[in-house]
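The next block holds one structure in the form of structure tokens; read it before the comments.
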Amino acid sequence: MAEGERQSPPDSSEDIPPATQNFIIPKKEIHTVPDMGKWKRSQAIEKLVTLLNTLDRWIDETPPVDQPSRFGNKAYRTWYAKLDEEAENLVATVVPTHLAAAVPEVAVYLKESVGNSTRIDYGTGHEAAFAAFLCCLCKIGVLRVDDQIAIVFKVFDRYLEVMRKLQKTYRMEPAGSQGVWGLDDFQFLPFIWGSSQLIDHPYLEPRHFVDEKAVNENHKDYMFLECILFITEMKTGPFAEHSNQLWNISAVPSWSKVNQGLIRMYKAECLEKFPVIQHFKFGSLLPIHPVTSC
């Protein structure tokens, strides 16, 4: 549907917290493996791009420092300290004044989404925090249902670009990497959304993403192929050796089956894994309280 033809979205006032809602600073709730049960039962665009552009500019303003260790450049901590200080101000540029009370809560997820400043690492838990950041903006009404395509392919895509720049500039370690048996050292969600983008493509099939020529010619248009290109830039050697899981996925006959399999894998390997979810923080917008039955 053309932009000018877009119909007014249905009233979604039930999704918007009441003005009297008490926002709270999100905190960790997953302390032990049994606590994972809470998570499974929980209730749990332009301005956003500008926000991400600011994070990108700060990388340019904070070059790596000379240090003996190849990985985990300590300049990242300087970059992160800037975000830690300015996060609420950045979020305030996105959130309307009448929702200002939500800013401290939402800002926590932005800070959690860029990696860990102590370990100088990044992984799927941090990626999930950015998804939570976007989810919070949806729940308070800043983002709407009819923004969903732009949320993924404009905002989240820009987030990926900034995270890749962070990873390369500061040589960040993968958080909880499973080595060659993991899907990817750093990301997971873009493979899910990227595979959905390719469903019913007239000529690109899953087997093509291990074809260097196909990737080079199409990566700018497809999120999945952009992920593959980044992997090949960061790793050396045969693809089947450094990305064995993805190599196996390339043999799946259709993108719809790839997509379905990746969703199941994300649930099992990320959302239901204690080492990932133990760091997730819960507040009023993404509570850990069980869903109330009707």
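Every number in this text was worked out from the coordinates using simple rules, so none of it is lab data. Keep in mind that what you see is a predicted model, and the values were worked out from it rather than measured. Cβ coordinates were reconstructed from backbone atoms using ideal geometry, including for glycine residues, and neighbour counts include every protein chain displayed.
At-a-glance table
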item	result
Surface/4 of the Cα convex hull for the range 142-252, nm²	8.0 nm²
Selection from Thr124, Leu137, Ala102, by position along the positive dipole direction of the range 65-146 (Cβ)	Thr124
Cα-only radius of gyration and Dmax that characterise the range 61-106, units Å	15.3, 49
Net dipole in debye of the range 51-129 [+1 Lys, Arg Cβ; -1 Asp, Glu Cβ; about Cα centre; nearest 20]	220 debye
For the range 75-146: rounded, prolate or oblate by the Cα gyration tensor [a/c cutoff 1.5]	oblate
P(r) weight above 20 Å for the range 112-189, C-alpha pairs, percent	35 percent
Label-to-label distance, nm, for residues given as Ala101 and Asn244 (7 Å Cα→Cβ offset)	5.3 nm
Inter-label distance for Ile263 and Arg144, nm, one decimal - labels placed 7 Å from Cα along Cα-to-Cβ	2.6 nm
Calculated Rg and Dmax of the range 189-228 using C-alpha coordinates, Å	8.9, 24
Length gained when the stretch Tyr203-Asp56 is fully extended (0.36 nm per residue, less Cα-Cα span)	49.4 nm
Filter on Lys139/Lys220; Lys168/Lys273; Lys82/Lys165; Lys111/Lys165; Lys47/Lys220; Lys74/Lys220 - keep pairs with C-alpha separation over 25 Å	Lys139/Lys220; Lys168/Lys273; Lys74/Lys220
Gyration tensor over alpha-carbon atoms, the range 46-187, equivalent ellipsoid semi-axes in Å	26, 18, 13
